[in-house]
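Enquirer: Let me give you the structure first, and then I'll get to my questions.
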Amino acid sequence: MAEADPDFDALRARYAQERARREHASDRRYRDIGDGLSHLAADPYSTPTPRAPLTDSVEVLIVGGGFGGLLTAARLREAGVNRIRIVEAGGDVGGTWYWNRYPGAACDVESYIYFPLLEETGYMPVERYSKAAEIRAHCRRIADRFGLYGNTIFSTQVTRMTWDSATAHWRVETDRGDDMRARFVILTTGPLNRPKLPAIPGIESFKGHSFHTSRWDYDYTGGSATETLTRLAGKRVGIIGTGATAVQCVPPLARSAEQLLVFQRTPSSVDARDNAPTDPAWVASLEPGWQQRRVESFTCQFTGDLHIEDLVGDGWTVLARAVRAKLAADPAADPQALLEEADLETMVRIRARVDAIVEDPKTADALKPWFSLYCKRPCFHDEYLQSFNRPNVTLVDTQGRGVERITGNALVVDGREYPIDCLIFATGFETSTDFSTRSGFEVIGIDGEALHDKWLDGMVTLHGLHSRGFPNCFVISHAQSGMSVNFPHMLDEQAKHLAYMIGECRRRGVATLEATAKAEQQWVDTILGMSEARRKFLEQCTPGFYNNEGRASPVADRNLPYGAGPIAFIKLLREWRETDDFAGLELDGAHAHGNKETANA
């Protein structure tokens, strides 16, 4: 089949065949890391500093010191809020980038749009796709720029948050004995903070060394994120997972271990990375506001706004460019049909890239992705596929079934044992479990209601931010909210929105705000009403965390992002603020009607 003229019907049939094979092969489930394996979640990067428990009160308490927490705190600072406290489980700011220090770790979205607050901090990334250490340093730069270190407690895990109606404050307890009060609480723990493990029989019986990629054990492997892992010489290493993390850490493992076994359930699409140093001449040409324009341009490429220029022009925006070219040739064509064609053609090219790089035909076939580009997070790397040409690297393709079981010294696939010395879990973070499992703590609202119980059948919110019965509590996530593959863009828009609301509460003298029952239900109905197109797309995908492992459910539908897309969601929030009437919220227990006197009654 020629790449320029693919058989679309044959490709669709092959996609369906691969999906069915994986749906029937495995009922993939995950194990709570706290269930006997909590040592795999321990912080290997810092030792907690002894301190006395805190029993004071702050105006805003933010749970999480990643990009979400940093952006929220920065925007609150700009709004004049000073009594802020960030509670962070890690030993420094950074969130995901505090934890992700595995060899080869880097951002896969362009640094110039992924790094938030570049103009505000006066920084420019050194290359187009920055390494983890530079991202971590930028997190510290933001904390320094906005004076956040003095307001942050580290190596501290919130254990319980309880609303006190008598004082209109939240009581926040932690594992360090803290018993604090806060007028507002903001949960920015995000979807990428708690390590996820596959529920493989015998996982607790492995007697070799094991760790999760987000808790990389350099004491065992030696080396660093950019150096040879010297202590893996003579070691047989097994890694479970072939997603974005594994794509980045397999090459350094392949260069260091005596033998590397890569256990694959479903291959990722892996296109060229084409990284490059930042061009000084380009930097000199930039005008004020350049980052926001570039950020919005990127996000627009996923919304059908084809009139918006693609300023980034990388592997993420390839489909938008292809559709533009097709429309230029045939302006009367259906853009949605052209998008499917562009997707099918792009995946043909990506599979051809596998054949061009991987020398062994059987291994190459196993590494080919047979699904739509956005069914799984696309990956980009210039060494991953090449690693499978090394004689010490073996791809163990489980044919969609996953690892069968784990013994004291081996992984078993299709009845065959693969002995290893070290087991690495590149299995990502908790994203589809309930809130209390993902966050590691419970939130108790009015009349003792637990957020976990309220959301048992899926999230119930207004704008993904407020949940009735939990006054002055805000949740920042992509569920029932805007969703962009460039996470910091949406985090910043939500942070600006929260800073506006809290600033207005302070200005108006409002003690509490929460969603009305009617507005909350209308928003849930909106999410469900817009979910059909997204659900139909995900149903065509192979099982993965994007589609709840191929298991359709009303809960998963409720937790989908806003169906009209991220740009429409940003516009919705901006228009909400411009009306200045707090529509859908109750202020001090009274519905806000736009009249400030009434709102304060």
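The values are calculated or read from the model by the stated rules, or taken from the named source; none is laboratory data. Here the structure is a predicted model, which means the values were calculated and not measured. Because the Cβ atoms are built from the backbone with ideal geometry, glycine has one as well, and the counts that use them run over all protein chains shown. Only protein heavy atoms, including side chains, enter the accessible area calculation; ligands, DNA and RNA are left aside. Shrake-Rupley method; radii C 1.70, N 1.55, O 1.52, S 1.80 Å.
Enquirer: If you take every DSSP beta bridge whose two residues both sit in the chain, what share of them, in percent to the nearest 5, is antiparallel?
Expert: If we restrict to bridges inside the chain, about 45 percent are antiparallel.
Enquirer: Can you give the alpha-carbon Rg of region 283-428 over 2.2 N^0.38 Å, where N counts its residues?
Expert: Against the empirical 2.2 N^0.38 Å value, I get 1.41 for region 283-428.
Enquirer: Given a 1.4 Å probe, how much area per residue of region 287-350 is accessible, in Å²? The partial results should precede the final answer.
Expert: Numbers: 2980 Å² over 64 residues.
Counting only protein heavy atoms, the per-residue value for region 287-350 is 47 Å².
Enquirer: Specify the angular offset, from 0 to 90 degrees and rounded to the nearest 10, of the alpha carbon long axis of helix 244-256 from the longest principal axis of the alpha carbons in the chain.
Expert: Orientation of helix 244-256: about 50 degrees from the principal axis.
Enquirer: Using a 1.4 angstrom probe with every protein chain in place, what is the largest-first accessible-area order of 489, 209?
Expert: Output order, biggest surface exposure first: 209, 489.
Enquirer: Taking residue 196 as the anchor, which lysines have their alpha carbon closer than 21 Å to its alpha carbon, excluding any fewer than eight residues away along the same chain?
Expert: By straight Cα distance, residue 196 reaches 207, 376.
Enquirer: So, in nm, how far is label residue 168 from label residue 577 when the simple model puts each one 7 Å beyond its Cα toward the Cβ?
Expert: With each label point 7 Å from Cα toward Cβ, the separation is 2.4 nm.
Enquirer: Further, regarding this structure: Looking at the square roots a ≥ b ≥ c of the eigenvalues of the Cα gyration tensor of region 119-206, which shape do they give, rounded for a/c under 1.5, prolate if a/b is larger than b/c, or oblate?
Expert: Oblate shape, in that a/c is at least 1.5 and b/c is the bigger or equal ratio.
Enquirer: Sequence gap at least 6, Cα distance under 8 Å: using those rules, report the relative contact order of region 62-191 to the nearest whole percent.
Expert: Working: 198 pairs, mean separation 39.9, N = 130.
The normalised contact order for region 62-191 reaches 31 percent.
Enquirer: If you don't mind, there's one more thing I want to ask. Would you calculate the convex hull of the Cα atoms in the chain and tell me its volume per residue in Å³? It would help to have the intermediate numbers written out before the result.
Expert: Numbers: hull volume 94.5 nm³, N = 601.
Output value, Cα hull per residue: 157 Å³.
Enquirer: Return the carbon/sulfur percentage of the accessible area of the chain, one whole number, probe 1.4 Å, all protein chains in place. It would help to have the intermediate numbers written out before the result.
Expert: Details: 11970 of 23980 Å².
Whole-percent figure for carbon plus sulfur exposure: 50.
Enquirer: Longest segment of the chain with no GluC sites (Glu not before Pro) in a DSSP loop having at most 13 other Cβ atoms within 10 Å?
Expert: 4-257
Enquirer: Rounded to whole Hz and in sequence order, give me ³J(HN,Hα) for region 466-482 from the Karplus expression 6.51 cos²θ - 1.76 cosθ + 1.60, θ = phi - 60°, writing x for Gly and Pro.
Expert: Each residue of region 466-482 in turn: 10, 9, 4, x, 10, x, 6, 10, 10, 10, 9, 7, 9, 6, 6, 9, x Hz.
Enquirer: Region 201-259 to region 56-124: how many Å between their Cα centroids?
Expert: Measuring centre to centre over Cα atoms gives 28 Å.
Enquirer: Helix-only estimate, please: 222 nm mean residue ellipticity of the chain, summing -39500 (n - 2.57) across DSSP H runs of length 4 or more and dividing by its residues, to the nearest 500. Can you show the working numbers first?
Expert: On the way: 22 runs with 211 residues, N = 601.
The helix contribution divided over the chain gives -10000 deg cm²/dmol.
Enquirer: Could you tell me which Cys residues in the chain have no other cysteine's Cβ under 4.7 Å from their own Cβ, answering none if every one has a partner?
Expert: Among the cysteines of the chain, those whose Cβ sits 4.7 Å or more from every other are 107, 139, 249, 300, 379, 422, 473, 505.
Enquirer: Just to confirm the filter: which trypsin sites (Lys or Arg not before Pro) across region 142-209 are DSSP coil and have at most 16 other Cβ within 10 angstrom of their Cβ? Could the numbers behind the result be given before it?
Expert: Working: sites: 145, 160, 171, 176, 181, 183, 196, 207; in loops: 176, 196, 207.
Within region 142-209, the qualifying trypsin sites (Lys or Arg not before Pro) (loop, at most 16 other Cβ atoms within 10 Å) are 207.
Enquirer: Under 8 Å for C-alpha pairs, at least 6 residues apart: give me the relative contact order for the chain, rounded to a whole percent. Could you put the intermediate results ahead of the total?
Expert: Working: 1137 pairs, mean separation 111.4, N = 601.
About 19 percent, as a whole number.
Enquirer: First check a/c for region 458-524, with a ≥ b ≥ c the square roots of the eigenvalues of its C-alpha gyration tensor; if it is under 1.5, answer rounded, and if not, answer prolate when a/b is larger than b/c or oblate otherwise.
Expert: Details: a/c = 2.63, a/b = 1.18, b/c = 2.23.
In terms of gyration-tensor shape, oblate.
Enquirer: At 1.4 Å probe size, put 368, 518 in order of accessible surface, largest to smallest. List each step's numbers first, then the result.
Expert: Details: 368 30, 518 145 Å².
If we order 368, 518 from most to least accessible, we get 518, 368.
Enquirer: Cross-link partners among lysines for residue 518, C-alpha distance below 19 Å, same-chain residues fewer than 8 apart left out?
Expert: Output for residue 518: 454.
Enquirer: Give the accessible area for residue 500 in Å² (nearest 10); use a 1.4 Å probe, count only protein heavy atoms, and leave out ligands, DNA and RNA.
Expert: 50 Å²
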